[in-house]
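One structure below.
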Amino acid sequence: MDKEIDKATASQVSKQLMDAYLSVENATRIIQERCSKDEFDGFRAEAGKVVGGLYLLLEPLWRAYPDLAPEGLDMTASKKKP
């Protein structure tokens, strides 16, 4: 994604998607604390898919506006091709 989305919009969307990520993370902790290991393992597997999908939405925003990425995540480096 080039900078088709303005920074204010990208910032708002990034915050919303990060809130969704935190909700999934918190839900996973609740399941781990209250449910069986099998239930937790199944939930965690599906939660991982959701988090992966969120990253696919966030990554282009963070590449367009690296300062929106979480601290410690360097989005300024170019993608390496295998």
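Brief remarks on what is shown
- Within straight-line cross-link reach of LYS15, aspartates and glutamates at Cα separation under 14 Å, skipping those fewer than 8 residues along the same chain: GLU59, ASP67, GLU71
- Crossing angle, helix 37-64 versus the chain [Cα axis fit, 0-90 degrees, rounded to tens]: 10
- Angle between the chain longest axis and helix 7-34 axis [Cα atoms, degrees, rounded to 10]: 10
- Computed [θ] at 222 nm, helices only, for the chain once each DSSP H run of length n ≥ 4 contributes -39500 (n - 2.57): -24500 deg cm²/dmol
- Cα→Cβ-extended label distance, 7 Å offset, between LYS37 and GLN16, nm: 4.0
- Contour excess over end-to-end distance, with Cα ends at THR9 and GLU71 and 0.36 nm allotted per residue: 20.4 nm
- The length gained on full extension between ARG44 and ARG29, counted as 0.36 nm times the residue separation minus their Cα-Cα distance, comes to 4.5 nm.
We did not get these values from a lab; they are worked out from the coordinates using the rules stated. Since the structure is predicted, the reported quantities are computational estimates derived from the model, not experimental observations. All Cβ positions, glycine included, derive from the backbone under ideal geometry; neighbour counts span all protein chains shown.
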